[in-house]
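Here the structure comes first, spelled out in structure tokens, and everything after it is commentary.
The values are calculated or read from the model by the stated rules, or taken from the named source; none is laboratory data. Keep in mind that what you see is a predicted model, and the values were worked out from it rather than measured. Counting neighbours? That spans all protein chains shown, and the Cβs are built from the backbone with ideal geometry, glycine included.
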Amino acid sequence: MPEYMQAISRVLIAAVFLVFGYIQFTNIGTYIANPAVVKVAGMTGILTPTILAYLVATINLVGGILILVGYQTRWTSIVLIAFVVLTCIFVHNFWTMEGPARIGNQVNFYKNLVIIGALLLLYIHGSGSCSLDHRFARK
């Protein structure tokens, strides 16, 4: 595969996490009050909705930046895969919903499966030669 294609793929994958991380940080109050955040925070017994909302925004933004520049790509992919799986289970659990909520969450669930697939490919193939991983690799 041409090296620039791996870089373009990383940019496209990173865009999802960067955009959502930015949106979450700039609208943090909305995410703190989000019923899914409140529910998950209550399930943990440790994290408050505020901490959880900032944690989610940070994972999205930092993960997106690391994928974009191709630094620690395999480790970042693993963290983001776990994050997206948890999002599918706790946020987009369409099988517990009815009506329009079910349809919207089912779409997001399957979109997240595609994101997991893309992250698995990054994990398997690495970040490519147009990346910080390649630049700092021991030779």
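Key figures for this structure:
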quantity	calculated
In the range 81-110, residue surrounded by the most Cβ atoms within 10 Å (Cβ to Cβ) [restricted to those that are in a helix (DSSP H, G or I) and among the β-branched types (Val, Ile, Thr)]	Val84
Among residues of the range 45-69, those that are small (Gly, Ala, Ser) and modelled with pLDDT under 95, counted	1
Tyr31 vs. criteria within 16 Å of Val91 (Cβ to Cβ) and out of contact with any strand residue (DSSP E or B) (no Cβ under 6 Å at 6 or more places or on another chain)	yes
For Thr87: the one exception among (1) within 18 Å of Val16 (Cβ to Cβ); (2) modelled with pLDDT of 95 or more	(2)
Search result, residues across the range 7-22 that are within 16 Å of Leu61 (Cβ to Cβ) and of a type outside the set (Lys, Arg)	Val11, Ile13, Ala14, Ala15, Val16, Phe17, Leu18, Val19, Phe20, Gly21, Tyr22
The range 114-139: number of residues that are surrounded by 12 or more Cβ atoms within 10 Å (Cβ to Cβ) and of a type in the set (A, V, I, L, M, F, W, C)	9
Any chance Leu68 is in contact with a helix residue (DSSP H, G or I) (Cβ under 9 Å, 6 or more places away or on another chain) and of a type in the set (A, V, I, L, M, F, W, C)	yes
